[in-house]
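Novice: First the structure, then my questions, so here it is.
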Amino acid sequence: MTVHALASLLAVTLVAALAPVIVAALPGPKVPQVVILIFAGVLIGPHGLGLADTTSIQLLSNIGLGFLFLLAGYELDLKLFKERSGRLAMIGWAASALLAVGAVAVLAHLHYVRDFVPIGLALTTTALGTLLPILQDNDMLSGKFGRYVLAAGAVGELFPIVAISIFLTKRNQFVAIGSLLAVAAAALVLATAPLVVGDRRLRALIKQGQSATAQTTLRFSIVLLVVLLLFADRFGLDVVLGAMLAGIVLKTWTHRMGVDVRPLEEKLDAVGYGIFIPVFFVSSGMTLDIQAIASDPIRLAVFVGLLLVVRGLPSLLIYARVLTLAQRVEMTFVTATTLPLLIALAEIGEHDGVMLPSNAAAIIGAGAVSVLIFPGVATVLHRRGRAALASGDASGPLGNEGGERPQGL
């Protein structure tokens, strides 16, 4: 490794280490760390001070992206899709997809975009992996409301990933679907591996390795991640699909064994959020062309508005019979929060030559703005709802017209 590469790595790791300190020192509402990491990446990157470049940390950044979606897949409860929360989430995503088609058609008519599929998919995504720490810190995942939030986030992350794997490929669509099924089959085979090894034998291995110096379970989790990333890459699919499948398979393994999985979960959080995921977000900031955004701020504002309208607003109607108005407004801002998939879509679009560089910068910038603003609005509304409930006003700050009592607030 060259001195320049080490200098880049030092700058990135220093930014990652300072991010929580900066968050704690900033006055006012708590800013998500991811926003600090991205803007710090802009500062130290080639479009800023030029202290680091992405070439030397690309592998670590890719592993960070994989970890982010592995943890999102691990949190994904497939039972949600059988519940009412899952069905409503899928209806909400379908509504967002239809709105996205209309929005992109208007933008294309105005000669604003030529990248129909990447922009359209970008407007239907939700950053469940990025939102999880924020939602957990604010106790927004408990109760019935939490189930609806998790389902909406899961669908808003999984469905666009599948669509990316099918539509944003240079292969024939039927070949792409076949490749998708092949990777899914590989994941299914891995998920049923405990049946071959034997529950008792595997349970003993997990218990023996979870606290030992060898860290057996953590190492096998990383092996699983790399295996499915390789499968996805081999079949020409987006690597985030392989990463999310790895998380789903890992959860299947651990919960099948019936052992205490908290030690493994803590280690995955420590390795992912402590090392690799911050590198991914800093690297993403380093690729963000802030000058292109500054030269066309209206484009950025348009995409921020479309994220809220296309992905967020359907929640006001879809959940009308199961959530209060206050909760639906919270859901609007939660589901409209997105970023990691926007980065992946921008990279794919630019690599394939279908996305304008100005749109790539603006859509990533819009995602950063959504992470900066939307969760903060949702958490403020959530705290007000809890305060209103505690004071005996069950209707909450925005009323409870015909809805249920607030759940999970």
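Novice: Does region 328-370 hold any residues that are touching a Pro at 6+ places or on another chain (Cβ under 7 Å), under 22 Å from A243 (Cα atoms) and crowded, with 22+ Cβ neighbours inside 10 Å, and which are they?
Specialist: Passing the criteria: T337, L341, L345, G349.
Novice: Ok, one more. Does L65 satisfy being part of a helix (DSSP H, G or I) and under 30 Å from P20 (Cβ atoms)?
Specialist: When the stated conditions are applied, L65 passes them.
Novice: Say whether the condition of being within 21 Å of G367 (Cβ to Cβ) and either surrounded by fewer than 23 Cβ atoms within 10 Å (Cβ to Cβ) or among the acidic types (D, E) (or both) is met by at least one residue in region 126-133.
Specialist: The answer is yes, given that some residue of region 126-133 is within 21 Å of G367 (Cβ to Cβ) and either surrounded by fewer than 23 Cβ atoms within 10 Å (Cβ to Cβ) or among the acidic types (D, E) (or both).
Novice: Read through the list (1) over 28 Å from Q291 (Cβ atoms); (2) at pLDDT below 85; (3) surrounded by fewer than 18 Cβ atoms within 10 Å (Cβ to Cβ); (4) of a type outside the set (G, A, S), then give the number of the only condition that E83 fails.
Specialist: Single failed check for E83: (2).
Novice: Right, here's the next one. Can you name every residue in region 291-327 that is in contact with a Pro (Cβ under 9 Å, 6 or more places away or on another chain), within 23 Å of T379 (Cβ to Cβ) and not β-branched (V, I, T)?
Specialist: L323, A326, Q327
Novice: Identify all residues within region 1-48 that are farther than 23 Å from V369 by Cβ, more than 23 Å from the chain's Cα centre (by Cα) and surrounded by 15 or more Cβ atoms within 10 Å (Cβ to Cβ); write none if there are none.
Specialist: Passing the criteria: S8, L9, A11, L14.
Novice: Restricting to region 249-263, name every residue that is at pLDDT 75 or above and either in contact with a His (Cβ under 9 Å, 6 or more places away or on another chain) or crowded, with 24+ Cβ neighbours inside 10 Å (or both).
Specialist: V249, L250, listed by residue number.
Novice: Can you tell me which of G28, G102 is part of a loop (DSSP other than H, G, I, E, B), without any contact (Cβ under 8 Å) to a residue 24 or more places away in the chain and not aliphatic (A, V, I, L, M)?
Specialist: Details: G102 fails: part of a loop (DSSP other than H, G, I, E, B).
That would be G28, the only listed residue that is part of a loop (DSSP other than H, G, I, E, B), without any contact (Cβ under 8 Å) to a residue 24 or more places away in the chain and not aliphatic (A, V, I, L, M).
Novice: Within region 267-276, identify whether any single residue is at negative phi, of a type in the set (S, T, Y) and assigned to a helix (DSSP H, G or I), and answer yes or no.
Specialist: Checked against the condition, which is being at negative phi, of a type in the set (S, T, Y) and assigned to a helix (DSSP H, G or I), region 267-276 yields at least one hit.
Per-residue answers, yes or no, for (1) assigned to a helix (DSSP H, G or I); (2) more than 24 Å from V240 (Cα to Cα):
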residue: L43; (1), (2): yes, yes
residue: P46; (1), (2): no, yes
residue: L60; (1), (2): yes, no
residue: L71; (1), (2): yes, no
residue: R87; (1), (2): yes, no
residue: M90; (1), (2): yes, no
residue: A97; (1), (2): yes, no
residue: G120; (1), (2): yes, no
residue: L131; (1), (2): yes, no
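The values are calculated or read from the model by the stated rules, or taken from the named source; none is laboratory data. Owing to the predicted nature of the structure, the values given are computational and were not obtained by experimental measurement. Don't worry about glycine lacking a Cβ; one is built from the backbone with ideal geometry, like all the others, and counts go over all protein chains shown.
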